[in-house]
1. For chain B, what does the relative contact order come out to in percent, with C-alpha contacts under 8 Å and a separation of six or more?
2. Quick one: go through region B:136-163 and flag any residue whose amide nitrogen is under 12 Å from the point 7 Å out along the Cα-to-Cβ line of residue A:11.
3. On average, how many beta carbons from a partner chain sit within 10 Å of the beta carbon of a residue in B:78-87?
4. With each pseudo-label sitting 7 Å past Cα toward Cβ, what's the residue A:78-residue B:89 distance in nm, one decimal?
5. So what is the diffusion coefficient of chain B in µm² per second by Stokes-Einstein at 37 °C and 0.692 mPa s, using a Kirkwood Rh over Cα pairs?
6. How big is the C-alpha Rg of region B:119-179 next to the rule-of-thumb value 2.2 N^0.38 Å, as a ratio?
7. In nm, what is the difference between 0.36 nm times the number of residues separating residue B:80 and residue B:31 and their Cα-Cα distance?
8. Please give the helix B:130-142 orientation as an angle from the longest Cα principal axis of chain B, in degrees from 0 to 90, rounded to the nearest 10.
């Protein structure tokens, strides 16, 4: 420990103090000797027991949080897969898409991403939710005729959105 | 004192969420970290509180440990906790400035515990300025080199060296005054 602490110390002192280096080294050594001469106060046994209990509790809470996070991530990705499969199938057979299914899936991803701050700072989760939501909105707009008259172009946008989601999903 | 291999194994266990390994960390580091907090605050209750905060934060942050010098990593967190405490104390002081009576009461609370036996070293350490005292304690308890401490504090190595030197020299003079 001391070797790490005093690594390159002589070299440093020579660089900054030149001829005074030896005296400065002595000042430092004597000052630290005083610190060693006075025994450290120690926490009592009860404090250590309470500390260990606190740490064990924090570990358990952390583990539970990680499990819930995994559970919600799997659920979110499953929701994304369902919406991709559903919309892709609908596009292939050129049938109208039931927007209530899309809306439900969008809501699932939103609920998950907002759950209990589990995904705070999780950019992938936020992106995925935003993409699912955007596609859902586009489909709804197409169905109720809010979209522009250029339907082909609108559908291409939707398909591009789906491809983004699919790509994000497989990236995990 | 545990060797590097032992520490690595225990830290690996902590990363896997093993409570027993965290318990080992408490046994290995609680005395040293308590000493560090006590020499900075001069207050046993507060030191216990900060020690609890330190280990809770270690549980939260152990995943971010990348295999560097563990003591350095741990004392970086300890130092951050102490600075958080200083900021909070500062904030409280500002809030209480307008109510002098309450302010004085607060000052008494953050001082020593009633009837606490303060050793001579602690009394003299308190005559050093906060920053110098913290640098000396960081070097003494974490055993980090001047270079590592300077990097951690984001200041030139010559500044760190000079502060520690002047602080230790002054401490020796203060200790010798009463001999």
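1. Working: 120 pairs, mean separation 40.9, N = 179.
Contact order relative to length: 23 percent.
2. B:147
3. On the way: counts 0, 0, 0, 0, 0, 0, 0, 0, 0, 0.
Partner Cβ neighbours, averaged per residue: 0.
4. Here the modelled spin labels are 5.2 nm apart.
5. Details: Rh = 17.9 Å.
Roughly 184 µm²/s, to the nearest whole number.
6. Numbers: Rg = 12.0 Å, N = 61, 2.2 N^0.38 = 10.5 Å.
Output field value: 1.14.
7. On the way: separation 49, 0.36 × 49 = 17.64 nm, distance 1.84 nm.
Going from the current span to full extension adds 15.8 nm.
8. Around 30 degrees separate the two axes.
None of the figures in this text is laboratory data; all of them are computed from the coordinates on show. It should be emphasised that the depicted structure is a prediction, and the values quoted were computed from it without experimental measurement. Here Cβ is always computed from backbone atoms with ideal geometry, including for glycine, and neighbour counts include all displayed protein chains.
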